[in-house]
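Working notes for the structure below.
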């Protein structure tokens, strides 16, 4: 199955559950938003391939920034079409007949990126940092397209990864972050791009900031998939990582302090999988496996290194 087919399969169910239409009296259709997503994914992966290439230079940086900024713009439009239908990003009225064909042939004009960004902001509540990062990339792109501008390759790389740490979750996933489908950004990225992006230190650092600044985050943990401190418990009671894009329902994972190294919330375990009223877990810092249980008297979550007799609760 191709990457785009995987994206469509995982996101289309959410799209239809949100009644994606082009108007109250029209039937839902995949064509409108899948075409936007297809182009966004192509531009995104093409830009990242250039960004992380061994021969990355001022020349390839120019193409990379235009490609990635284009993908960001398309993903913003994709978010709006999923949320409010195709009419939300179209100038004027949509054709009343043969709409799918009109979409394929692009027989209408869409709103500019600034207006689309305002629409997304009204839904999501973009932070000042997110707006600043988006505008920085837009300005670099505009300078390149309209003027004979030179760019510093490393500055371009930082601008691109910083904005992706913010907008992949907001634009590409949207409310799909709150479904907990146990998917990650490999829905959008090639395996190579995924691994290079989530292991790039500046991107990881920005993802931490995105998690801490998220208006929907109740608490931030270390992600047991990518190891970054960007795993949010969201208000929807789903976990979502702003680095790798992994999401899971809160009932499927829980955290405890480590009995071996005393690190807080570093032992992850499955609260639904029990053996003798205990859960098997592992510390993300020292990697020591241990048992976890909830004290019946005080309700505290207690961990203990594997291989030792069960001890009394240390909190009672």
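Key figures
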{"read-out": "Spin-label pair residue 215/residue 182, simplified geometry with 7 Å Cα→Cβ offset, distance in nm", "value": "3.2 nm"}
{"read-out": "215, 173 arranged by Cβ crowding within 10 Å, fewest neighbours leading", "value": "215, 173"}
{"read-out": "Packing-based exposure ordering (other Cβ within 10 Å, fewest first) of 284, 80", "value": "284, 80"}
{"read-out": "Calculated FRET efficiency for the pair residue 300/residue 135, C-beta based, R₀ 41 Å, to 0.05", "value": "0.30"}
{"read-out": "For 214, 58, order by how many other beta-carbon atoms lie within 10 Å, fewest first", "value": "58, 214"}
{"read-out": "Full-stretch length increase - residue 122, residue 264 - with 0.36 nm per residue and alpha-carbon distance subtracted", "value": "47.5 nm"}
{"read-out": "Residue 310/residue 285 FRET efficiency (R0 30 Å; Cβ-Cβ; nearest 0.05)", "value": "0.85"}
{"read-out": "Mean separation of Cα contacts under 8 Å (6+ apart) over length of region 247-316, as relative contact order %", "value": "23 percent"}
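Values in this text are rule-based calculations from the coordinates and carry no lab data. This one's a predicted model, so the numbers in the text were calculated from it and none came from an experiment. Note: ideal-geometry Cβ built from the backbone for every residue, glycine included; neighbour counts use all protein chains shown.
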